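Readers should treat all values here as calculations from the given coordinates under stated rules, not as data from a laboratory. The model shown is predicted, which means the values in this text are computed figures rather than measured ones. Note that each Cβ is placed from the backbone with ideal geometry, even for glycine, and that neighbours are counted across all protein chains shown.
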Amino acid sequence: MTKEKIKKRGRPSKADLKRRRRDANKDIVIMWVAFVGVILFLAVVTQHLMADQITHKFKSPSFNGVATSSHYLTIENQEFNRRKVIKDEIKAAVEEAKRDKENSTVQRFIRNFESRVYAELSRQLIANLFGETPSDSGVISLEGNTIAYSSDGEYLTLTITEQDGTITTIVIPIGSFTF
């Protein structure tokens with residue numbers, strides 16, 4: 001045996017006890033550091049194991065592509081409906097302005113006056129055709145239109161020639177034309 005081992009068999013010295021306490025304290029500190037290190041390592045590893053890949057997802061279908069066609073159809077439908085509403089409102093406003101113009105006092109007077117003038121002309125034409133002294137033929141010009149009438153004793157023929165050249169012929173049998 002060596003001297004050191006022999007020396008240690010007896011009572012340890014104060015320096016030896018101090019050194020043993022210091023070594024024991026070092027061992028305790030090393031164990032605590034190792035324990036805390038293991039705990040931290042496990043915490044980091046388990047967090048990493050539970051983590052997922054971070055991905056950014058857009059909510060708008062225009063960007064992410066999910067249900068894009070229905071999204072575009074919805075937008076198109078809304079735009080179409082807005083345009084249609086605006087177009088209908090404009091059309092209604094134009095028609096209302098037109099009705100207001102046609103129903104003004106002056107326009108009603110003109111329509112009434114024209115109606116009476118045409119009634120008077122019609123009465124005069126009837127008097128010329130069927131009155132006490134009927135005429136066999138005649139021509140009337142009215143607003144660029146020409147109305148020609150002729151009678152052969154059995155039939156009365158009215159020929160109306162419009163400004164654009166359209167001709168309308170009306171044949172009325174005189175013998176059966178009674179009330």
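From the Cα gyration tensor of the stretch 105-173, with a ≥ b ≥ c the square roots of its eigenvalues, which class applies: rounded if a/c is under 1.5, or else prolate if a/b is larger than b/c, or else oblate?
Oblate shape, in that a/c is at least 1.5 and b/c is the bigger or equal ratio.
Suppose we look only past 31 Å in the calculated P(r) of the chain. What percent of the Cα-Cα pairs does that tail hold?
70 percent
Below 8 Å, C-alpha to C-alpha, sequence gap of six or more: please give me the relative contact order for the chain in percent.
6 percent
In whole Å, what is the distance between the alpha-carbon centres of the stretch 145-168 and the stretch 76-105?
42 Å
Just order 69-78, 144-153 by mean Cβ neighbour count inside 10 Å, highest at the front, would you?
Working: 69-78: 11.0, 144-153: 13.9.
For the peptides 69-78, 144-153, the packing ranking is 144-153, 69-78.
What is the sum of charges, Lys and Arg at +1 and Asp and Glu at -1, for the other residues whose Cβ falls under 12 Å from the Cβ of Val33?
Local charge sum for Val33: 0.
Tyr155's amide H: which non-local residues (gap 5+, or another chain) put their own amide H closer than 5 Å, with H modeled 1.01 Å from N in plane and none for Pro or chain starts?
Those qualifying (amide H under 5 Å, at least 5 residues apart or on another chain) are Ile174.
With n ≥ 4 as the cut-off for DSSP H runs, can you work out [θ] at 222 nm for the chain, using -39500 (n - 2.57) per run divided by the number of residues, rounded to the nearest 500?
-21000 deg cm²/dmol
Give, as a single signed number, the net charge of other residues whose beta carbon lies under 13 Å from the beta carbon of Asp136, with Lys and Arg counted +1 and Asp and Glu -1. Don't jump to the answer; show the numbers that get you there.
Details: positive: none; negative: Asp152, Glu154.
Surrounding charge for Asp136 is -2.
Need the full-extension length gain, Glu95 to Glu132, defined as separation in residues times 0.36 nm minus the C-alpha distance. One decimal, nm.
Difference between extended and current length: 8.4 nm.
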